[in-house]
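All remarks here apply to the structure that follows.
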Amino acid sequence: MTRPAAQALDTGTAYGRQPGVHDPLLTEVGPGKPMGELLRRYWHPIGLAADASGTPRQVRVLGEDLILFRDGTGRPGLVYPHCMHRGASLYYGKVEERGIRCCYHGWLFDVQGHCVEQPCEPEMGLARARERARQPWYPVEERYGLIWAYMGPPEKKPVLPRYECLEVLDEGEFVETDDASIGGGGPPVIPCNWLQHYENLVDPFHVVVLHSSFSGVQFVPEMAVMPQVEWDTTELTVRVTSRRQLPDGRMFRRIAEAGLPTLRIIPNPKFGRGGRVESLGWVLPIDDGSFRIYVAGRVREKGDLQRMRSRPDGKRLWEDMAEADHQQYPGDYEAMVSQGVVARHSEEHLATTDRGIVMLRRLLKKQLDILQEGGDPAGVFFDPATPPIAFSSGNWMEQAA
């Protein structure tokens, strides 16, 4: 039977569509992967200071499962979970003055993986034998109320950076930390690739739609005004300058940045006190399919960081809403996770307002090229005297001329 000549041919259907694919260079963070090796050249926050305690804690970072603990002298340690003796998990270990002891045969490891006791061996294990026995470990440091880990090549270990906005405090301020993924719009662990959030940082136009006209005003009414936007690239960041002309004649100027390696330098969307940026966030890739955000900020009262959280319907917190509410008032979490566990980049149709996305991907790929050529990526420093890193982000409300 033939098709009638007058019948229109359907075009553009999903029939025969090829499966979309992601960009592995930018998304895959495991050992040996290009992005995984790039990220391993930097320090990453892996927990709050209180997370390192006398109770072993399971953590997953860049696709690796590890055990975090704090020995009896107060030193934090981060080790491979399976005891090098017979493979029992150190999650069941006992933390003591000198380190963590395996529950199976009692081998004791210090925070740098040295085996200091082998109780079942004669003389607690001969010194020479113990010296050859070392539990895999990673260096950790504490700063800003966070535990930081370096998981890259030992000969390339940089100094742990300092940040001006957390070093220079105004009178009455102190640094507060949070691990609830403030800025992620959902639960502490977000089940999609880290890049989906990182790129969101340089997309100011989604604020006008997702956070304002579509879901209602989730921040403040001024954020719903369509901005004039400029993007530029610094050595360490992609910077977004948004200007909103308000009905009363004032100009609201806002600068946000996405920085290397995973930094979110985003001003308080509820304005806060105005001026320079109040907090920094670090997007921690747990693995290719999940991430979380650690935040440290200058506050005047305990809980100020949590008060920055958006409310998807302007009233309730994300975790207090039913599924129907999430569908009606979606936020960052719903938009990012709905892209898929890893977004299908081959299906994208980028437009002029996605310029920041393109610039950020280029900045990351530039660092991949530097690494491939044997160099050190931007933002990696080896001199302990390196001054604190400064950013230009902030909120400014300017009066009409």
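What the table shows:
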quantity	calculated
Potential lengthening between E141 and D10 on full extension [0.36 nm per residue; Cα-Cα distance subtracted]	41.0 nm
T237, T386 arranged by Cβ crowding within 10 Å, fewest neighbours leading	T386, T237
Calculated P(r) tail over 19 Å for segment 1-61, as whole % of Cα pairs	65 percent
Segments 338-346, 173-181, 36-44 sorted - mean Cβ within 10 Å per residue, highest first	36-44, 173-181, 338-346
By average C-beta atoms within 10 angstrom, highest first, the peptides 204-211, 61-68	61-68, 204-211
Partners for K366 among lysines (Cα-Cα distance below 18 Å; same-chain residues under 8 apart left out)	K33
Relative packing of peptides 114-122, 13-21 - highest average C-beta neighbours within 10 Å first	114-122, 13-21
Mean residue ellipticity (222 nm) of the chain, computed from DSSP H runs ≥ 4 via -39,500 (n - 2.57), nearest 500	-3500 deg cm²/dmol
Inter-probe distance in nm under a simple model that places probes 7 Å from Cα toward Cβ, at K157 and E171	4.2 nm
Gap separating the Cα centres of segment 15-52 and segment 334-360, nearest whole Å	16 Å
For a label point 7 Å along the Cα-to-beta-carbon line of A385, residues of segment 227-262 with backbone N under 19 Å	none
Choice from V295, V229, V168 showing the highest fluctuation, given a GNM over the chain with Cα pairs closer than 10 Å	V168
Amide H contacts under 5 Å for D23, placed H, 5+ residues apart	H345
Cut-off under 5 Å, modelled amide H: who pairs with I147 long-range	I46, G47, L48, A49
D325/H349 FRET efficiency (R0 30 Å; Cβ-Cβ; nearest 0.05)	0.50
Under 17 Å from the Cα of K302 - aspartates and glutamates, other chains or at least 8 residues apart	D170, E171, E173, E176, D178, D179, E278
Hits among lysines - C-alpha to C-alpha of K315 under 18 Å, sequence gap 8 or more where chains match	K270
Structure-derived mean projected area of the Cα convex hull in nm²: which label, when the choices are (i) 28.8; (ii) 20.6; (iii) 23.6	(i)
Dipole magnitude of the chain about its Cα centre (Cβ charges: Lys, Arg +1; Asp, Glu -1), debye to nearest 20	160 debye
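Every read-out reported here was derived from the displayed coordinates using simple, explicitly stated rules and does not represent laboratory data. Predicted, not measured: the structure shown is a model, and the values here were computed from it. Using ideal geometry, Cβ is built from the backbone for each residue, glycine included, and neighbour counts are taken over all protein chains shown.
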